[in-house]
1. Cα extents of segment 1-43 along the three principal axes, largest first, in whole Å?
2. Using the alpha carbon gyration tensor of segment 98-191, what are the three equivalent-ellipsoid semi-axes (square root of 5 times each eigenvalue), largest first, in whole Å?
3. Over segment 583-649, give the accessible area per residue in Å² for a 1.4 Å probe, as an integer.
4. For the charge dipole of segment 525-683, defined by +1 on Lys and Arg C-beta atoms and -1 on Asp and Glu C-beta atoms about the Cα centroid, which residue among Val654, Ser542, Leu584 has the Cα displaced farthest towards the positive pole?
5. Multiply the residue gap between Ser8 and Asn328 by 0.36 nm, knock off their C-alpha separation, and tell me the result in nm, one decimal place.
6. Quick check on segment 121-261: take the gyration tensor over C-alpha atoms, sort the square-rooted eigenvalues as a ≥ b ≥ c, and tell me if it's rounded (a/c under 1.5), prolate or oblate.
7. Can you tell me, using C-alpha contacts under 8 Å and at least 6 residues apart, the relative contact order of the chain as a whole percent?
8. Arrange the peptides 78-89, 318-329, 616-627 so that the one whose residues have, on average, the most other Cβ atoms within 10 Å appears first.
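The values are calculated or read from the model by the stated rules, or taken from the named source; none is laboratory data. Worth saying up front: this structure is predicted, and the values here are computed from it rather than measured. Please note: Cβ atoms are built from the backbone with ideal geometry, for glycine as well, and neighbour counts cover all protein chains shown. All accessible areas refer to the heavy atoms of the entire protein, side chains included, with ligands and DNA or RNA removed. Shrake-Rupley method; radii C 1.70, N 1.55, O 1.52, S 1.80 Å.
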Amino acid sequence: MDLKEIISKMTLEEKAGMCSGYDFWHTKSVDRLKIPAIMVSDGPHGLRKQDLESDHISFNESIKAVCFPTGSAIGSSFDKELINELGKELAIECQAENVSIILGPAVNIKRSPLCGRNFEYLSEDPYLTSSLATSYIKGVQSKNVGTSLKHFLANNQEHRRMTSSSEVDERTLREIYLAAFEDVVKKAKPWTVMCSYNRINGTYASENKRFLTDILRKEWGFDGFVVSDWGAVNDRVKSLKAGLQLEMPDSKGINDKRIIEAVKSGELDELLLNQTVEKILTIIYKFTDNRIPNTVWNLEEHHNLSRKISSECMVLLKNDGLLPLNKNDNIVFIGEFAKIPRYQGGGSSHINSFKTSGAIENMANYENITYAQGYMTEEDVIIPELVKEAVKAARQSKVAVIFAGLPDSFESEGYDRTHMSIPNCQNHLIEEITKVQPNTVIVLHNGSPIEMPWINKVNSILEVYLGGQAVGEATVDILFGDVNPSGKLAETFPIKLKDNPSYLYYFGEKDVVEYREGIFVGYRYYDKKEMDVLFPFGHGLSYTSFEYSNMKINKSKISDNDEVEIIADITNTGKREGKEIIQLYISSINSNIIRPERELKEFTKIHLLPGEKKTVKFTLNKRAFAYFNTEINDWYVEDGSYNIEIGKSSRDIVLSRKISYTNNQPIKNIYTENSTFGDVLKNPEAKKIIEPLIASTSFFLINSEDYDENAAITPQMHDAMINHMPLRGVFSFGDKSITHSDLKQILEKLNNLS
């Protein structure tokens, strides 16, 4: 199909019209040219297809569908194959429902536990985030349905999200926030990217040419179209010039007129408008030309898939040997979430599930499994009668399983949390139960970390996150050992909110939010400070045990164009089959750059029978060792030694090997009068050149009347003063033998070094 020919036949009004939606969910059609409209739908953990008349947030009019686990749960699966399977099945739903693009995945970094939309996001780590998102997109798009990678960029809070400016330095953007998107764009080729509401360093994301065009298209090779988040456009003509092709939803014709006027006045080049329309039409026909008619999908089969995925995502945070439970024991399930689980978050991703399953419902055939409500989720009020009933039931049982967590009102799109606590009525209930029942299990339903003041009073804690509509069945599968827990935390659980690195700056001041913690987000901060946490990044227990051994690397020295292969053996040394997540980190030794203690660079999840051993293999290239150097505006690896570490979490490293890295293109230093003696002396070749400066300055200091071990200038002070003194200091502290002309010649020699 010749799109340029089609565009040549379009009127200016028709071309401008293609740049915004027809309504909330459809693009515009042009009947006379047989240009079809397409429909998009919210996602990414379920299909939220709405009727034409329904609004953006209401979900009552959505079709009956299946709610899969949310991003917070999926991130903890560390399972690329599983999320790829999820993507394929969601695409089948989209084909069946004639939906061209599912709006996801959401890959914004979890900067703070307070973000109300954290339940949609995958991780605090950009590598884990981008890896899982890549697998998801490849799954969806393998079935000729598009995705919309969101929300680009630095959209890490809901508070004032439509006007706030995320003030982020370049290195932090590159290593953390852009990195979550970069590999996804390069490797998965999403059909669309959704720009966020906020401003970035003062400029609205929708008008930010540097990110939408220079980086996204020119640097990363994105070839789809950029769509606005719903209502994210500030100035339509500026945004079109910056690289935002489709505005959603419809602007009631207002912005279409602005585009027309801008073309007529010469403010906007019609060639750019043509290119914009071509990008939109390319995606429209990519779906319609590859539509799979008569596709059907089975709700029950997808419910079962949701159950499987949910069980793979759950994280066993603590277990003093109480789990798995015995179905023949007298057990009481306590808490409303045992009956009516909270399994998804509020807002645009809310799915109209065709059914849900509570944990107690799945134990209905067991008379020895009883239920006590314990609390009400509608309001945070302690109801003595409910607590008394629950305490009595707990006292009479062998085990109490308390289902707790965050109610809908505590976290949602549109606003942020103000604290990390679960409702007081739940904390009170847990305290009262543990007084009478030493065998207590906590099952948590939440989209983000919580504080646990009762952690030392309970035996076991199972984090199920917001695990989709089959979470009740999946929870029972894990509690009673029908499925071995295999999830690991994709985010750190701090002890208290004040421990979080963004705590002082998170909400910002009016519309300015400074990311002062820089690259030290999540475990990068906690591990660098050796700070105690509730549970570290990558943590998760199992009902079996795994032994790591025989780590080998195929090279002890590498440079820029090399790859290094790492292998290790993993053995299931327990009595149950299970899955283990193996995490590979890189740690720089004696770096001259401020860097995290370690950073995740690879991972894999494997299944092992009791006694079975498998060899895992990883391959690393230059990027795994690099940091973003703002002086050269590129990724750079320091010469030096690095540890390649394999661990069970960021705090549990069990295998390590050292490797040496030599940079083929070292950064050429530019020396000036303000370069310090110490910095120049790091280059052995430079030392000889500046010997006259050292001699002159040292002579003066050593011969000073104050130079004495017991006087003002000690030898230690002398060395420090020389080390941190700029070269021009020779004029103030030298013996007057060096002239300005001499220093100029010395600088020329220094800067001519290779």
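1. Cα extents, longest axis first: 34, 22, 15 Å.
2. 23, 15, 11
3. Dividing the accessible area of segment 583-649 by its residue count gives 42 Å².
4. Ser542
5. 107.8 nm
6. It comes out oblate by the Cα gyration axes.
7. 13 percent
8. Ranking the peptides 78-89, 318-329, 616-627 by packing returns 78-89, 616-627, 318-329.
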